[in-house]
């Protein structure tokens with residue numbers, strides 16, 4: 001029964017990801033060359049096959065630095081890091097997009113993100129991922145159903 005639920009859920013994620021790709025046609029930019037301002041939400045496809053279905057999200061703190069969750073899906077641990085363009089890793093640098101600002105002011109968003117800087121946090125690709133964190137910093141909420149690429153809200157272990 002559990003295996004069937006997992007299979008159905010996996011198929012649902014796959015179908016919804018494909019629909020998201022078909023419906024939206026983002027303009028891809030190279031991370032090292034793209035322009036952004038403080039408060040902009042940056043997303044980049046993940047490396048390899050995961051890049052078809054998922055993105056890494058970061059919050060720009062100025063014109064050359066981002067703050068993001070460097071997560072390890074094998075250990076469910078992540079660290080909130082402010083990084084330069086060169087330091088930020090783990091995604092396809094040639095397939096990125098500037099999604100603009102969130103709902104909160106630039107100052108509020110950056111202050112919220114920096115409060116967590118260099119903090120080790122719970123990380124889960126589906127229930128407490130980089131998009132949940134960036135949504136929390138930039139919009140004041142980690143989002144609910146359908147507000148996140150995983151189509152799931154955060155779980156109880158996620159501290160946001």
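Every read-out reported here was derived from the displayed coordinates using simple, explicitly stated rules and does not represent laboratory data. Everything numeric in this text was worked out from a predicted model, so none of it was measured. Heads up, the Cβs are rebuilt from the backbone with ideal geometry, glycines too, and the neighbour counts pull from every protein chain shown.
Projecting label points 7 angstrom from Cα along Cα→Cβ for residue 64 and residue 84 puts them 0.7 nm apart. Spin-label model, residue 103 to residue 30: label points 7 Å out along the Cα-to-beta-carbon direction sit 3.7 nm apart.
Going by C-beta contacts inside 10 Å, put 36, 133, 50 in order with the fewest on the left. Before the final figure, lay out the partial values.
On the way: 36 24, 133 29, 50 15.
Arranged by neighbour count, lowest to highest, 36, 133, 50 become 50, 36, 133.
Rg over Rh for segment 27-138 works out to 0.93, both radii taken from alpha-carbon positions and Rh defined as the Kirkwood radius.
Classify segment 90-160: rounded, prolate or oblate, from the alpha-carbon gyration tensor (a ≥ b ≥ c, eigenvalue square roots; a/c under 1.5 rounded; otherwise prolate if a/b is larger than b/c)? It is rounded, given that a/c, with a ≥ b ≥ c, falls under 1.5.
Starting with the fewest neighbours, write out 86, 97 ranked by other beta-carbon atoms found within 10 Å of each beta-carbon. Intermediate values should be presented prior to the final figure.
Working: 86 9, 97 18.
Ranking 86, 97 by Cβ neighbours within 10 Å, fewest first, gives 86, 97.
Exposure proxy shown here: for 141, 74, the number of other Cβ atoms within 10 Å sets the order, fewest to most, as 74, 141.
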